[in-house]
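Bear in mind that the values in this text are calculations on the coordinates, not laboratory data. Not measured: the values here are computed from a predicted model.
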Amino acid sequence: MKMLELLSLWGNGGLNGTLPLSLFELSNLRMLYLDGNNFTGSISQDIGQLTMLKQLTISDNPITGVIPSTLGLCKELELLRIENTDIQGTIPEEVCQLKSSSRQVYDALYIKADCYSDYLKCDCCDVCCDHNTQQCFQDNRENPEDSDAKLQDHQTYNSTNTIARIIEIKQKIESEVLQRGATFYEIDFDDPRYLALEWILNQDEMRVPSDAPNLVQRYVLALIAFSLDSEEWGDDELFPSWMSGEDECTWYNVSCFEGRVLALQMSKLE
C-alpha cells in the first residue's frame, strides 16, 4: 500500500468518520480525491508527509478545523479544492507561497475554497465560493448580484480560458490516458504526450472543455500525430487535415460512428 500513487474515494457519499492517520503514511501518493463524502474531524499536520502530493480534493465534506501550514511542504501541489466544507481560519502563507514557486503554467497551484465574504480567509485563491449558497466567483471581492465573475454553479466552472480548465483537462488525461499514475509534471516538454496536451490547451481552435465527451479521443489523435511527426496529415480537399480546428471525425482518413473514432486508415497517411 505504501507504493500507492492514486487514491480516489470521490462521490462515495457513505464514507464517514475522521481521516485515518495511516493515510498520511502513503509517501508515494500523488493524487488524493476525497470529495463528496461525509468525512468529519480535521486535517492532520501529518499531511506534510505527502511530499509527492500533486492533487488534493476534499470538497463536499463536513470537515472542520483549519488547513495545516505543513501542507506547504507538498512542493508539487498543483490542485487544492476545499469548497463546501466547514474548514475556516486562513489559508496558510506556506501554501500560498507554492503559487509563486518557479513552475510552468500547467503546473501552477490552483485553489478553490469557501473564501467568499472571508468565511475562510484566502489571499491566493483562484475561485471563492459562498459557503451558504455554493455560488462561486473568480474574485471574492465581487458583488454576487452584478459581477461578471459570477458562476452559475460551483460544479460547472469550466471557462475555456481559466486555470481550472487546464487543471481539469490535465487531470482527466492523466487518469484516462497516461499509465501507472504518471503525470505531466514528470514528462519532458518535447515528449509527444506533452506536445499533444499543449496543443489541446493552447493551439486547438475547437477549445474543447474539460467535460467534452471527445476530449480524450481528440488528445489521443494529437498524440499519434506528434509521435509520428505528422501533425498535418492529409491534403485531400474533401477532408480537413489532422490538427485542424474541425471535428476530429472529419479529419482525413478518420472513421467515426456516432462521434466515436472507430478506425484510422494509416496506410494512406503520409
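Viscosity 0.692 mPa s, temperature 37 °C: give me the Stokes-Einstein translational D for the stretch 1-60 in µm²/s, with Rh taken as the Kirkwood radius over C-alpha pairs. Let's see the in-between values first.
Working: Rh = 11.6 Å.
Result for D is 282 µm²/s.
Give me Rg/Rg_expected for the stretch 220-261, where Rg uses Cα atoms only and Rg_expected = 2.2 N^0.38 Å with N residues.
Working: Rg = 9.8 Å, N = 42, 2.2 N^0.38 = 9.1 Å.
Rounded to two decimals, the normalised Rg is 1.08.
Hey, got the Cα dimensions of the stretch 26-78 along the principal axes, in Å, largest first?
Taking the Cα atoms of the stretch 26-78, the three principal extents are 26, 19, 18 Å.
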